[in-house]
Structure formats: C-alpha cells, structure tokens
Amino acid sequence: MSGDMLGWALQETTSLVSRFLEGLAAPKGVVDFLVLSFMLFAIGVLGVLSRRNILIIFMSIELILNAANLNFVAFTRYWQAMGRISENMGHVFVIFIIVVAAAEAVIGLGILIALYRNRRTVAIDEINLLKW
Amino acid sequence: MLKMIWLIPALPFLSALFLGIFGRTMKLSERTISWIACGSVFLSLVLSVGAVYEFATSYWPTHGRPYLSSEAGGFPHSFTWVPGGEARVIFGPEAGKTVPLRIEWSYQLDQLSAVMILVVTFVGFWIHVFSIGYMRGDGGFYRFFAQMNLFMFMMLVLVMASNFLMMFVGWEGVGLCSYLLIGYYFHWNYAAYASKKAFIVNRVGDFGFLLAMFAIFSLFGTLHFTEVMELARSDAYLPSESFGAWGLASWIALGLFIGATGKSAQIPLYVWLPDAMAGPTPVSALIHAATMVTAGVYMVTRANVIFQKSPTMMFVIALVGVATAIWAASMGFTQTDIKKVLAYSTISQLGYMFLACGVGAFAAGIFHLYTHAFFKALMFLGAGSVIIALHHEMDMRRMGGLARFMPVTYRTFLVGWLAICGIPLFSGFFSKDEILWRTFSTDVIPGGRWLWMLGFLGAGMTAFYMTRLVALTFWGDPRFVVAGGSGTTHGHEAHAIHGVRESPRVMTIPLIVLAIGAAISGFVGWPKSLGGTNRFERWLEPVIWHPAQEDAVPAKLSGMEASVAEHHVAEYLLMLASVALAVGVMYTCATLYLRRRDRLEAIVRAIRPLYVASANKYWVDEFYEGVFVRRLVLGLSWFSWRADARGVDGGVNGSAVMTVFWSKVSGWFDLYVVDFLVNAIGAMTKLFSTLFRIAQTGFAQNYALVITTGLFLLTALYLILSW
Amino acid sequence: MEVKGAQILFYYVLAFFVLIMAVSLIRARSAVHAALYLMGTLIGTAGLFLLLHAEFVAGAQILIYVGGVVVLFIFVIMLVNVREEVTEATRLFTRQEVVAWVLVGAMTVATIIALRREANLLPSAVAPAEETALAFSEDTQQVGSALYTRAALPFEIASLLLLVAIVGSVLLARTRRQEETFD
C-alpha cells in the first residue's frame, strides 16, 4: 500500500510542479500585475502599521501610492490591448497621483521637522500626547 | 326739626365711631373726648326737645298719627333695610297668604317714644358730664365714652324704632354695650365674669322675644308697630281672651314678656343686675338704672294692645312684677356694697313698673319709669361721688358721716332718697302712688287688692333699705380709712379725715340738675284726685289702647264722673297710708341704725336665718350656677375639648404624621430612585468612557491599524457577498 | 495585454527586485538605508511601467519620485539626524507588529485567491491587435494632449496644490528664530 501512496504522492507532486512551472512560463496577463501591485501594497501597509520611525512610515506610504500607480498603468495597458487605443486616462491619473504624493510628502515632512524640533524624537510611539 | 329726628341717634353714633376708631391713635386729650362725646348727646337732646315740641304742637294736631321718618324721604331718614323675600302668614284670618318680608329702617315719633327720647337724652347727657369727672385719669377714657355714645345710639334706636325688628337691633345693641361697659375694667376677672353673665342672661330673654316676633309676623304679616297695633285691636286677628284662658295672644305676650324679664331684670332673669355693678358707676347709673333696664317696660307699653288681649298674661306680669319688687327689696336689707343696694333697688322699682303694666296702667308704669330715671340716676351718681371721694371704697360699713364732708352730694342724695321713699311732692310719690292706686282699683285682672297689699309692703321695704343706705353712708360717725392711712379698720373712730372732700363741679352739677329733676318731675303727673289733670297720662293716651272705653256708652259719662268722685276717697286713704308707712319706716330705720344699734343687732339675731338668706341673695346665683351654668358650661367645654383634642388636634397631628411619613417616603424615593438614576447615568458614562477611551491611545499607528482593519472587513464582506 | 516571450523574464526580474527592495525598506535599520531602498523600489517600478508601455509615466516617476521625493527624504533625514537607530538597543517595530502581520497576511491571501478566481472572468484579448513596434512611443504626446484638453482642470488644480504645498512646507518648517524675524 505504501507504494501506491508514495506513487500517488509523487504523481501529485510532479503534476503540481509541472503545472506551476507551466504557469511560470505562461504569458503574463493583467492579473499578474494586479497581484504584484497588491503585494507591494501589502508590504507598504505592513510598514505603515509596524515601523516606529516616522520617516520609514512615510516611505511606506510612498510604496502604497506606487502600488496604486502600478495598478492604473496595468489596466491602461490592458484596455489599450483590448482595443481601446485612446484610453490613456490611467496615465494621466498616475501623473496626478505622483503630484499629490509629492505634495503630501513635502507637507508631511514639514510637519515632521516641526514635530522633531518640539519633541526631539521621530519615534511615533513617543508622540502620544493624545493618549487618554 | 321733626325732619331731623334721624340725627338724634346718628350723632352719638358718629361720635362713638370717631372716638372708637381714632381715640387711641390720635391720642385725643380728655378734654377733646369729653367735648365730642357730651356734645353729641347734648345736640341729640336739643333735637329731641325740638322734635317733640314740633310733634306736639303742629304734627299731632294736623295728622293725628305717629310721625314716621319715612315721610321725610329716603336715606338718611329711612331706607329699606330688609328688602326681603316671600314669607307666609300662618295664623289668623290671612293664613296662607304670602307677604313680602320687607322691613324699613325708619324712626317713629309718637307720644311714647317722645317721653323715652327726652328721658334718655336728658339723663344720658348729665351722666356723660358726670363721667368726665368720674373717669378722669383713666387710660381708657376714649373707650369709655365711645362705648357710652354707642350705647346712646343703640338705646335711641330702640325707643325710636318703627318696627319690632329694628327695636330688636337696639335691644341687642344695648345688651352689647352693657356687656362692653360692665366689662370696662376687663383686666378684673370679676368684671369679665359679670359682663358675660349679663349678656348671657339677657340672651335667654331675647329668645322669648324672638319667638314672639316670629309669631307676630306669622299672624299679622308685618312687624311695623303702627300696622301691628292697628290690626291687633280687631278680634279677627287676635281674639280677646278672658282671664284664665290661654291662647295665641297669651303666647305672644309670654314671649315678649320673657324678653322684658331678661332686659329689665325681673324674676327669674334678674341675677345679672347686681353683678353688673362691677362696671364704672356712671355705667350703672345710665344703663342699669335709667335707660336700658327700662327698655322692657317700654316694649310692653309699646305692645300694650297685644298684652291687653290676654288678661292671664297681664296677671302674670303683675304678679311677677310685685314679687320681684318684694324679693329684691328683701335683699337690699342686708347688702353692704352701696351699689348693690341701689341695684336691688332698681330691680325692685322695675317690678313696680311691671306691676303697673300688669294692671293695665301702662301710663303709670311709664310715669314711674320717668321719675325713677331721675332719682335712681341721681342716687347712683351720688354713690359714685362718694366712691371717688373715698378712693373707690364701696363698702358701706367703712363709710359714715359723709354729710359733713360732702354737702352737695349729701343734699342731692337726700332728694333722691325722699323721692324713692314716696314723700309727697317729690316725683317718686306721684308715680309710685299712681301705681299703687291703679293696682288697688284695677278691673283688668282680679286680685288687685292683694297685689296692692304686696306693693304696699314693698314700698315700706323700699323706705327701710334706702334709709339704711343713707344712714350708713352719710349719717353717724365716720368709719372710713383713707387709702394710704394707717390701714386698720376701727369701729367708730375718726381716721385721717383730711383726704375726703366734695367732688369737683363737673360731678356735682349733674347731681344738682338731677336732684331738681327728681324733685319736680312728678308734677306733670299730678293726679286728678288732688286737683290736677294728670298731663302725663293724657299725653300717653293715644298710645294706650282702652278696650273697655270703646264699649262704654257715652251716655254713662255722668255715671263715670260719679264713680270717679267716689274712688277719690279710697285714693286719698291709700295715699295717706303710703306716706304714713314711709315716714314711719324711715324714722324707725334711722333710729335703729344711728342710735339704737343694740336693738338692731337684737332684731338681726332674732331673724338670723332670714338675715343670712337675704345676705346670700337666697342662693339663687348658686342655684343657677349649679343647675344650668355648670352643666351647660362643662358640657360645652367638654364637647369643645373633645372636638379640639380629637378632631382638631387629631387633624393637626395627623397632618404632621402624614408630613413626616411623606417626607420619609420622598426621602427614600429621592435617595434610592432619583439618586440611583442619576448615579446610574454617571456610572454608565464612566463605564462607557472607560471602555471607549481604550481606543484613545494617542498612537497614530493604532488608528491606521483600525482603518486598515475596517478596509479589510469591508473588502471581505464584498467578496463574500459576491462569491 | 500579455507579456509574451522574452519579456516574461523582465517581468520576473523586475518583480522580484521591487519586492525585495520593498521588504528591505520596511526592515531597514537606518533611515538612509531605507531611503535608498525606496529609491530602488521606485526605479524598479519605473521599469515595470516601461514594460507596460507607459513611457511617459516611467520618466515622470524617475524624475519626480526618485529625483525629488527621495532626495527630499534624504535631506530631511539630514535635518532630523536620528542616530539612535543605528544602535542595537532601539526597537524597530511597534507593539502592533504581530497584529499587522496577521492582518496583512489575511488580506493578501484573501485578495490573491479572489484575484485568481476573477482572472478567469476577465475577457481575454478577442481581437489580437497587431502590435507594430514603433520606433517612438506616442505615449508622451497622448498624455500631454490629454493633460491639456480633457484633464485641463485637474492639471490646474494640481498646480495650485503644488503651490499650496510649497508655501505650507515653508511655513511649517520654520525655526523659531525665523518666525520671530518674519512675524
């Protein structure tokens, strides 16, 4: 019996691996880019939620915005490939996101500097005056 | 002047009102008060004289009926006092008819009320003047005069009333003033007691009066004198009764007489008068000698038509009158308080007046009222003068020999004494003998001779106790101790005489005036037997009903004249007998009290039981007290106590208990319910805040985490829903 | 829109590069290192844009993001000058690290599963467009013309936004002395 089990296991594994490898070599559709952008987003969220240094939090926020940009661009390419050649509002939107991200980073860092001057720290869990 | 008769009661009333309201606050001087008080009475006197004169000379000859002030118009002459509703006549020929109970407040001036207002205002005025001196220095000067003036008003209303109800107002009003004035020294327990007694005993009589008034209205349908007396004459309304019979007329007469008994101190309601001496002496003079107590006699005379319809009641009245006369006189023998002797004397003389009314000699009764007012007021004022001079000493045992010290008082008192004893030419002689003669010769009721005998006896008793009074007070040797002296009472020694002197002129002048009155006032009643025309009786003729004369045939005139001549002899004899008795008794009494004291004491020892009984007023007061008063008072007080202790206190305590209980409940409620709710809200807030503030970490990443979690949940929800 | 053929290799290389850079960013100890990792991520993303035929956007990303924002970050790091993080004693992660991992993990799993399923529903290329590889990309022109015609208003607003940001940042970051001087 164990022989059958082993054989079945082996078979399953090989089919799994082969399917995986096939997948790897398949042409990449829009979903792959979406998955990638989501993973970037997830990493960014993780950074925002768990780092102590405010600067790194800001950088994580840039990551998140980037993930969104990737999303837009992926879909623009998708629609263009589908036949709607003139659909380029995605790119425009990305431009605006970049602009906004820049502006936001500027303001945020300005606040950070002011905060640093007052509290002499950039650790976010030490800036808790609003704590009950 | 006749039109102004409404002022006669109004002036004293206004004066009383003014003095009563403003006397204390304005701090008027005694002088001002005296002028206002006496002035108003004087003006009333002047108006009375004028009105009576005009009535006699011009009104009566032209109209031949009493003057009613309603003839002069509306207010203030007269006004509709009780507009009244429908009432039903119950008895008599008009039984079942509805009549309006409409009472007018109007004044009636006829011969009878004329006599009364003259007596009241004249004697009242002089007593007011006397009071200026008597009440000098008293703190309640204004109050005294206010109440005296109020009394004058009430008395004048009584005698000038045109109907029974208005008369009753005056009746009650004088009772009220009597109460106020007897209780003038209200801090003195005895005075308060006496005033209460006077008022309550009076009220007992008033009950009878009221019942009689109801009966009169139920029979005649009206209360106005003129109308009632008019209708009462006819047999249709009020059938004449024969002696011994008892009918409607007797009932009404009984009710009226009970009222008179209370007011005029006859048996059995006389007990208040001796105690009324607790008031100031002018009060005793005015109210309890000259005026208020005579209101009963006036009322009986006013309603004489009704009384004459019931010979049974007339007999009762005469009997009660003469019995009272003797009864009171017997008590005068032993009294030691000078005023009490005079009080009993008053009761006794009032008995004579009722005796007169009882035998049909109403005019004689009024005549005696008129003369009695003079000499009794005179003697009371004289006693007042003595009392003041001896610094409020009233016990005769501590007086004596005052003739030397107070000549004017003494001489005027003598005039009164002679008058009351019935010495000829003094006023008392004429009136008293008229009464005695008419009693003897009456044909209205039987037993006139016997009644005469009792009256005769009473006259002798009168002479005795009055002489006793004079002897003890003015004759003999002084026995008095002046206040502030050595303080010991010796038998017959002279002590510290220098304090006693004659009273001031403001007091002696009234004495003189009244003495003149007591001397000459009898002349208007000079009897026919002595050659006179008895103007007094003729004056009152229109007021008195003479049923017998209406039946008399004019042709019998000569017979009447003859019988009159025949009667004169008897009258002379009676007159002589009275005088002789009086003189004899006076002489004997003077001798006993001045020279033969030992004889006196022997007599007293011999009749000791009688003496003790008389001195103790025959224990009548004690009897009343025990049988009626105690029961009534105790019963009422027990009842009131119970009502108060159980009911009122129960209610009060109950409400207190309720309040306490309710407050406890409220407190509990407040503590456990309200506070609970309030605290609960607070606790709730605390609880929730404790819960919710956990979220306020001040830690920005927490907030980010929460946002992300929310995002995640939403997405999950979406995914699940669209799966 | 498939990436076929040899470009698949670019995809994988760039994808891994971006992800590794990103993970390194959030695990960096020093802020400067983090900034550098950020720069790497951004460049990688720009490469991905290129792969997706978004040339203008890729250029803009390099110019603005990398050339502006990252430089800005580095300047701020200089101003803030945090040195403690270099030492071992300082904590890097906050207390909610675990929760964050759990949450993000769950999110990722769920989303990827969802995406994979959805992928089947997306219509694939029906009409295979004959793609002629142009010598020049027309993307820039197209985006430019769109910016000035269809998206003109947002463009202007964006410029206003930048103005506000400039003024705001200057205001926010003034020193006390500067405030006293100019107030």
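The values are calculated or read from the model by the stated rules, or taken from the named source; none is laboratory data. On a predicted model such as this, the values are computed, not experimentally measured, just so you know. Glycine also receives a Cβ, built like all others from the backbone with ideal geometry; neighbour counts cover every protein chain displayed. With ligands, DNA and RNA removed, areas are computed over all heavy atoms of the protein, side chains included. Shrake-Rupley method; radii C 1.70, N 1.55, O 1.52, S 1.80 Å.
Compute the long axis of helix B:597-606 from its Cα atoms, compare it with the longest principal axis of the Cα atoms of chain B, and write down the angle in degrees, 0 to 90, nearest 10.
70
Between helix B:164-182 and chain B, what is the angle of the helix's C-alpha long axis to the longest principal axis, kept within 0 to 90° and rounded to the nearest 10?
Rounded to the nearest ten degrees, it is 80.
What per residue convex hull volume, in Å³, comes out for segment B:584-646 when only alpha-carbon positions are used? Write out the running numbers ahead of the final one.
Values: hull volume 7.9 nm³, N = 63.
Normalising the Cα hull of segment B:584-646 by residue number yields 125 Å³.
Add -39500 (n - 2.57) for each DSSP H run of 4 or more in chain B, then divide by its residues: what number comes out at 222 nm, to the nearest 500 deg cm²/dmol? Don't skip to the answer; put the middle values down first.
Details: 31 runs with 479 residues, N = 723.
So the calculated ellipticity at 222 nm is -22000 deg cm²/dmol.
Quick one: compute a quarter of the convex hull surface over the Cα atoms of chain B and quote it in nm².
Working: hull surface 229.3 nm².
If I average the Cα hull's projected area over directions, I get 57.3 nm².
On full extension of the chain, what length is gained from residue B:541 through residue B:690, given 0.36 nm per residue of separation minus the C-alpha to C-alpha distance?
42.2 nm
With heavy atoms of protein chains only and a 1.4 Å probe, what residues of segment B:704-723 have at least 20 Å² less accessible area in the full set of chains than alone?
B:704, B:705, B:708, B:711, B:712, B:719, B:723
For segment B:340-488, rounded, prolate or oblate, judged on the Cα gyration tensor with a ≥ b ≥ c (square roots of eigenvalues), a/c < 1.5 rounded, else prolate if a/b > b/c? Intermediate values should be presented prior to the final figure.
On the way: a/c = 2.94, a/b = 2.62, b/c = 1.12.
Prolate.
Of all accessible surface on chain A at a 1.4 Å probe, what whole percent is carbon and sulfur?
Working: 4160 of 5990 Å².
Answer for chain A: carbon and sulfur cover 69 percent of the accessible area.
For an R0 of 35 angstrom, estimate the FRET efficiency from the Cβ-Cβ distance between residue A:13 and residue C:78 and round to the nearest 0.05. Write out the running numbers ahead of the final one.
Values: r = 54 Å, r/R0 = 1.53.
Efficiency at R0 = 35 Å is approximately 0.05.
Rg and Dmax of segment B:1-126, using alpha carbons, in Å: what are they?
Gyration radius and largest Cα-Cα distance of segment B:1-126: 18.7, 61 Å.
Calculate, for segment B:97-157, the solvent-accessible area per residue in square angstrom, rolling a 1.4 angstrom probe over the heavy atoms of the protein chains. Let's see the in-between values first.
On the way: 1420 Å² over 61 residues.
So segment B:97-157 comes to 23 Å² accessible per residue, rounded to a whole number.
When the Cα centres of segment B:392-409 and segment B:459-474 are compared, how far apart do they sit, in Å?
14
Compute for chains B and C the buried accessible surface, both sides summed, probe 1.4 Å, and express it in Å² to the nearest 100.
Roughly 900 Å² of accessible surface disappears when B and C pair.
Mind pulling the angle between the C-alpha long axis of helix B:189-220 and the longest principal axis of chain B? Nearest 10 degrees, somewhere in 0 to 90.
For B:189-220 against chain B, the angle is about 80 degrees.
What is the projected area of the convex hull of the Cα atoms of the protein assembly as shown, averaged over all directions, in nm²?
95.1
Among B:354, B:364, B:200, which residue has its Cα positioned farthest towards the positive end of the charge dipole of chain B, with +1 placed on the Cβ of Lys and Arg, -1 on the Cβ of Asp and Glu, and the dipole taken about the Cα centre?
Highest projection toward the positive end goes to B:200.
Considering only protein heavy atoms, what is the solvent-accessible area of residue B:617 at a probe of 1.4 Å, reported in Å² to the nearest 10?
50
Please quote Rg/Rh for segment A:2-119 to two decimal places, taking the Kirkwood radius as Rh and restricting both calculations to Cα atoms.
That ratio is 1.23, to two decimals.
Any idea what the dipole of the protein assembly as shown comes to, in debye rounded to 20, about its Cα centre with Lys/Arg Cβ at +1 and Asp/Glu Cβ at -1?
Details: 71 positive and 64 negative charges, 751 e Å.
Magnitude of the dipole: close to 3600 debye.
Taking beta carbons within 10 Å but only from partner chains, what does the mean come to for residues C:96-108? Walk me through the intermediate numbers first.
Numbers: counts 9, 6, 1, 6, 11, 3, 0, 9, 12, 2, 3, 11, 8.
That works out to 6 on average.
Report the Rg/Rh value for segment B:50-120, based on alpha-carbon coordinates and the Kirkwood definition of Rh. Don't skip to the end; give the middle numbers.
Values: Rg = 16.0 Å, Rh = 14.3 Å.
My calculation of the ratio gives 1.11.
Packing-wise, with mean Cβ within 10 Å as the measure, how do B:500-513, B:376-389 rank, highest first?
Working: B:500-513: 18.3, B:376-389: 27.9.
The peptides rank, most packed first, as B:376-389, B:500-513.
Within a 10 angstrom radius of each residue's Cβ in C:153-165, how many Cβ atoms of other chains show up on average? Whole number is fine. Mind dumping the intermediate values first?
On the way: counts 0, 5, 4, 0, 2, 7, 1, 0, 6, 5, 1, 3, 10.
Across the residues of C:153-165, the mean count of other-chain Cβ atoms within 10 Å is 3.
Compare the peptides A:11-18, C:18-25 by average per-residue count of other Cβ atoms within 10 angstrom and give them in order, highest first. Spell out each step's value before the answer.
Values: A:11-18: 10.0, C:18-25: 21.0.
Answer by packing, highest mean first, reads C:18-25, A:11-18.
Answer rounded, prolate or oblate for segment B:410-487, using the Cα gyration tensor with square roots of eigenvalues a ≥ b ≥ c: rounded when a/c is under 1.5, else prolate when a/b is larger than b/c, else oblate.
Details: a/c = 4.72, a/b = 2.71, b/c = 1.74.
It is prolate, given that a/c is not under 1.5 and a/b is the larger ratio.
Between residue B:526 and residue B:414, how high is the FRET efficiency from 1/(1 + (r/R0)^6) when r is the Cβ-Cβ distance and R₀ = 22 Å? Nearest 0.05. Intermediate values should be presented prior to the final figure.
Numbers: r = 23 Å, r/R0 = 1.03.
Calculated transfer efficiency: 0.45.
Between residue B:638 and residue B:200, how high is the FRET efficiency from 1/(1 + (r/R0)^6) when r is the Cβ-Cβ distance and R₀ = 25 Å? Nearest 0.05. Walk me through the numbers before you get to the answer.
Numbers: r = 18 Å, r/R0 = 0.73.
Calculated value: 0.85.
Taking a cut-off of 16 Å between Cα atoms, list the lysines near residue B:196, but don't count ones fewer than 8 places away on the same chain.
Within the straight-line limit of under 16 Å, residue B:196 reaches these lysines: B:263.
If you split all Cα-Cα distances of segment A:53-98 into 10 Å bins from zero, what percentages do you get per bin, shortest first?
Bins of 10 Å from zero give 29, 39, 21, 9, 2 percent of pairs.
Once A and C are treated as a pair rather than alone, how much accessible area drops out, both sides summed, in Å² to 100, probe 1.4 Å? Walk me through the intermediate numbers first.
Values: alone 10130 and 15330 Å², together 18100 Å².
Using a 1.4 Å probe on protein heavy atoms, the buried area is about 7400 Å².
Residues of B:104-115, mean number of Cβ from any other protein chain within 10 Å of their own Cβ, rounded to a whole number?
Numbers: counts 0, 0, 0, 0, 0, 0, 0, 0, 0, 0, 0, 0.
Average neighbour count from other chains, rounded to a whole number: 0.
Sorted by mean Cβ packing within 10 Å, highest first, what order do the peptides B:672-680, B:344-352 take?
Working: B:672-680: 10.8, B:344-352: 27.9.
Packing proxy ranking, top to bottom: B:344-352, B:672-680.
Determine the share of chain B's accessible area contributed by carbon and sulfur atoms, expressed in whole percent, with a 1.4 angstrom probe.
Values: 21710 of 31520 Å².
Roughly 69 percent of what the probe reaches on chain B is carbon or sulfur.
Taking the dipole about the Cα centre of the protein assembly as shown, with the C-beta of Lys and Arg at +1 and of Asp and Glu at -1, give me whichever of C:145, B:480, A:76 is farthest to the positive side.
B:480
Assuming 0.36 nm per residue, please report the length gained on full extension of the stretch residue B:49 to residue B:715 beyond their Cα-Cα distance.
Details: separation 666, 0.36 × 666 = 239.76 nm, distance 12.66 nm.
The span from residue B:49 to residue B:715 would gain 227.1 nm if fully extended.
Points 7 angstrom from Cα along the Cβ direction at residue C:110 and residue B:188: gap in nanometres?
11.5
Compute the signed sum of charges (Lys and Arg +1, Asp and Glu -1) over the other residues within less than 15 Å, Cβ to Cβ, of residue B:354.
After counting each charged neighbour, the total is +3.
Treating cross-link reach as a plain straight distance, find the lysines whose alpha-carbon is under 30 Å from the alpha-carbon of residue B:97, omitting any fewer than eight places away in the same chain.
Result set, ordered by chain and number: B:309.
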